[in-house]
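Asks: Sharing a structure here in C-alpha cells format.
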Amino acid sequence: MSLKAYLLILLLPISHLCRGQIEVDTSFRSISLKLTLDDGYRSLTFRKNGDSDTAIFLNYFVSKNTGDRTNLSDEIPNIRILWDSATQLIPIRLTSANIGYPLEYDDVLQNQIAAFNASGEWKAHVNKNGKKLDYKLIRQVMIDHHVYGPFEDLLAAYGYALTDLSTEKHGFVTNEKLKELVRNPDEVIPVPYMVWLTISIQ
C-alpha cells in the first residue's frame with residue numbers, strides 16, 4: 001500500500017466528520033493536506049526545517065468554484081481540521097505562516113480598513129506625506145490592530161502567538177473597492193499583496 005493511500009485511509013474518520021475528503025501528499029521537505037468541499041478545495045501545507053522532521057512553516061490556500069467572497073473567520077474550522085489531521089503525521093513547531101493577504105478575505109480587509117482609519121500615526125503620516133507608503137508603519141499598524149484576528153485566535157488555541165509580520169508588493173485599496181464596500185473612496189488604506197506571519201510559542 002502506498003504512503004499516500006495509507007494516509008488517506010488514516011484520515012477518513014476526520015474527513016467524514018467534515019463532510020469532505022482529505023488527501024495527503026508528502027515530500028522530503030513538506031506535507032500537504034487537501035480538503036475538498038462543495039465549493040472548492042482548501043490546502044494546508046507544512047514545510048520542514050531543513051533535514052529535521054519538524055514542520056516550522058504553514059501555508060493555507062483557498063480555491064473556490066464560486067464567485068462568493070471569503071471570510072477568514074469562515075475558513076478557521078477548515079484550517080483546524082487540516083491542522084489536527086497533520087498532527088497525526090508530523091511534529092509541528094511553527095515559526096511562520098502564510099495564509100493570504102488582506103484583499104483575499106472580506107473580514108481581514110474590513111479589519112485592514114478599520115486599522116488604518118483608527119491609527120493616529122498613519123493619519124499623521126498621510127497628512128504630512130500624502131499617499132506615500134511607509135512599510136515599517138504599515139506592518140506596525142497591522143500588528144497593533146490585529147488585522148488577522150481570526151487566525152490569531154486559532155494560534156492561541158494551539159499555544160502560539162503572532163509576534164510580527166513581513167510584507168511585500170504594496171499598494172492601496174482602490175477607490176472602486178472602497179465604494180463597493182460603501183466606504184469613503186478618498187480613504188487612504190495601504191495593502192500588501194504578500195504577507196508572512198512570524199509566530200512564536202506562548
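Asks: Quick one: Cα centre-to-centre distance for the stretch 131-202 and the stretch 29-94, in angstrom?
Replies: The two parts, judged by their Cα centres, are 20 Å apart.
Asks: Which angle between 0 and 90 degrees, to the nearest 10, do you get for helix 72-86 versus the longest principal axis of the chain when only C-alpha atoms count?
Replies: Tilt of helix 72-86: around 30 degrees.
Asks: Which FRET efficiency, nearest 0.05, do Asn98 and Asp38 yield, Cβ-Cβ r, R0 25 Å? Each step should come with its number before you reach the end.
Replies: Values: r = 25 Å, r/R0 = 1.02.
Here the calculated transfer efficiency is 0.45.
Asks: Taking N as the number of residues in the chain, what is its Cα Rg relative to 2.2 N^0.38 Å?
Replies: Numbers: Rg = 18.6 Å, N = 202, 2.2 N^0.38 = 16.5 Å.
Here the Cα radius of gyration is 1.13 times the empirical estimate.
Asks: Can I ask one more? Students often forget the sequence filter, so: which lysines lie under 20 Å Cα-Cα from Lys128 once same-chain residues fewer than 8 apart are removed?
Replies: Lys136
Asks: A further question on this structure: Between the helical axis of 135-144 and the dominant principal axis of the chain, each derived from Cα atoms, what acute angle in degrees is found, rounded to the nearest 10?
Replies: 70 degrees
Asks: For the chain, give the percent of accessible area contributed by carbon and sulfur heavy atoms, probe 1.4 Å, rounded to a whole number. Mind dumping the intermediate values first?
Replies: On the way: 5120 of 10470 Å².
Accessible surface attributable to carbon and sulfur in the chain totals 49 percent.
Asks: If the reach is capped at under 22 angstrom between alpha carbons, list the lysines near Lys48, excluding any in the same chain fewer than eight residues apart.
Replies: Lys4, Lys34
Asks: Compute the long axis of helix 120-129 from its Cα atoms, compare it with the longest principal axis of the Cα atoms of the chain, and write down the angle in degrees, 0 to 90, nearest 10.
Replies: Approximately 60 degrees, to the nearest ten.
The values are calculated or read from the model by the stated rules, or taken from the named source; none is laboratory data. All figures in this text were calculated on a predicted structure; none of them were measured in a lab. A quick note on method: Cβ atoms are made from the backbone with ideal geometry, for glycine too, and the neighbour counts reach across all protein chains shown. These accessible areas exclude ligands, DNA and RNA; they are computed on the full protein's heavy atoms, side chains included. Shrake-Rupley method; radii C 1.70, N 1.55, O 1.52, S 1.80 Å.
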